[in-house]
1. Within region 42-69, how many residues turn out to be surrounded by 21 or more Cβ atoms within 10 Å (Cβ to Cβ) and over 18 Å from residue 98 (Cα atoms)?
2. Kindly indicate which of 95, 109 is without any contact (Cβ under 8 Å) to a residue 12 or more places away in the chain and assigned to a helix (DSSP H, G or I).
3. Suppose we filter 106, 113 for residues that are under 15 Å from the mean Cα position of the chain (by Cα), farther than 22 Å from residue 16 by Cα and either modelled with pLDDT of 95 or more or surrounded by fewer than 16 Cβ atoms within 10 Å (Cβ to Cβ) (or both); which single one remains?
4. Tell me, which residue of region 78-98 that is under 22 Å from residue 33 (Cβ atoms) and touching a helix residue (DSSP H, G or I) at 6+ places or on another chain (Cβ under 6 Å) is surrounded by the fewest Cβ atoms within 10 Å (Cβ to Cβ)?
5. Exactly one condition in (1) buried (at least 22 other Cβ atoms within 10 Å of the Cβ); (2) over 12 Å from the mean Cα position of the chain (by Cα); (3) in contact (Cβ under 8 Å) with a residue 40 or more places away in the chain is false for residue 72; which is it?
């Protein structure tokens, strides 16, 4: 009987926060890595840390629509709905200016949920 290899599981292929941080140390301005670290903190339920990382993304790239989206989600998960709505509103304006219809749709739907 020949063993069949198992399909990789998401957790098997996703880098850890520590691995992402090590990469970021080599490329300190890499917003993709910053965003990834924020995502990992959000998945872990570390909302304050996620918010900090999404803030870093927004500071480095104010046009990163999904940083606004996930910062707003992190704020919402922290029970800070008014702040979340304010961030979603900012993201809507950015997405509209960039004509990013997918991000605009998602940010608008989030804003509707929050208001």
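The values are calculated or read from the model by the stated rules, or taken from the named source; none is laboratory data. Note that the structure is predicted; figures quoted are calculated from it, not measured. Reconstructed Cβ throughout: ideal geometry from the backbone, glycine too, with neighbour counts over all protein chains shown.
1. Matching residues across region 42-69 total 4.
2. Values: 95 fails: without any contact (Cβ under 8 Å) to a residue 12 or more places away in the chain.
Going through 95, 109 in turn, just one is without any contact (Cβ under 8 Å) to a residue 12 or more places away in the chain and assigned to a helix (DSSP H, G or I): 109.
3. On inspection, the qualifying residue turns out to be 106.
4. Step one: of region 78-98, the residues under 22 Å from residue 33 (Cβ atoms) are 87, 91, 94, 98.
Filter again for touching a helix residue (DSSP H, G or I) at 6+ places or on another chain (Cβ under 6 Å), leaving 87, 91, 94.
Details: 87: 29, 91: 28, 94: 19.
Only one residue tops the list, namely 94.
5. (2) is the only condition that residue 72 fails.
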